[in-house]
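**Q** Have a look at this one.
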């Protein structure tokens, strides 16, 4: 549930602080016939997995049905999944007929943690903007920031465990998120970030400096 702090200053002016988490998820509902792999020469064992040209990462070996020359391969012994790659135990040759089907996944594949910072009708000030507890384990894949208007802002995200609270450590490793004369930001490189999240971790959001921005949405996409 969101917490609302309303401060009345003078007629016609108000300050509303709204900081909350909106959980969302991505589920694969149907089976997918993956693209045909290329470059099989009897030597190479590792191949990229794609769906209509887009990299595809199965949850595990068992999510794939792999057929070679009309025979089903054993996911326990004949191949291994590593991210968006499949590694065959025996290198397929150019004459092998290989096709793969990715089965529907009933479990969450990703989780997006959305955090809103809102200063209402008054200019946003620097400082601690609150914290949220994460209920899943995973790795942060990217961060997306959307602001109400063009402006400047620098903020940091730190984390701690319940046992170590309230001692927080920055996950950006001093590579703070910065927007200059912008209203949006996206980063999927996350250079030097500590991207590991363990269920129960607490994230803290702190605005270092801000100008001409009153509301922003911070979205962290986690790969579970």
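**Q** As an exercise: evaluate residue 115 against (1) at positive phi; (2) assigned to a strand (DSSP E or B) and give the number of the one condition it does not meet.
**A** Against the list (1) at positive phi; (2) assigned to a strand (DSSP E or B), residue 115 comes up short only on (1).
**Q** For residue 164, are the conditions met, namely being part of a loop (DSSP other than H, G, I, E, B) and modelled with pLDDT under 95?
**A** no
**Q** Being free of Cβ contacts under 8 Å to residues at least 24 places away in the same chain, under 14 Å from residue 222 (Cα atoms) and under 14 Å from the mean Cα position of the chain (by Cα) narrows it down to one residue among 189, 198, 136; which is it?
**A** After ruling out the rest, the residue left standing is 189.
Listed here are the residues, each with its yes/no results for (1) over 24 Å from residue 83 (Cβ atoms); (2) out of contact with any helix residue (DSSP H, G or I) (no Cβ under 8 Å at 6 or more places or on another chain); (3) in contact (Cβ under 8 Å) with a residue 60 or more places away in the chain.
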| site | (1), (2), (3) |
| --- | --- |
| 141 | no, yes, yes |
| 153 | yes, yes, yes |
| 169 | yes, yes, no |
| 176 | yes, yes, no |
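**Q** Answer with yes or no whether residue 205 is buried (at least 16 other Cβ atoms within 10 Å of the Cβ) and touching a strand residue (DSSP E or B) at 6+ places or on another chain (Cβ under 8 Å).
**A** Answer is yes for this residue.
**Q** Now for a separate question. How many residues, within segment 85-106, are in contact (Cβ under 8 Å) with a residue 40 or more places away in the chain and assigned to a strand (DSSP E or B)?
**A** 10
**Q** Can you give me the ranges of the strands (runs of 3 or more DSSP E) entirely in segment 1-61 with at least 1 residues that are surrounded by 11 or more Cβ atoms within 10 Å (Cβ to Cβ) and either touching a helix residue (DSSP H, G or I) at 6+ places or on another chain (Cβ under 9 Å) or at pLDDT below 65 (or both)?
**A** Result: 3-10, 13-19, 21-28.
**Q** Sort out which residues of segment 167-203 are assigned to a strand (DSSP E or B) and farther than 18 Å from residue 111 by Cα, and write them in order of number.
**A** 169, 170, 177, 178, 179, 180, 181, 182, 183, 184, 185
The values are calculated or read from the model by the stated rules, or taken from the named source; none is laboratory data. This is a predicted model, so every value here is computed, not measured. No Cβ is skipped: glycine too gets one built from the backbone with ideal geometry, and neighbour counts run over all protein chains shown.
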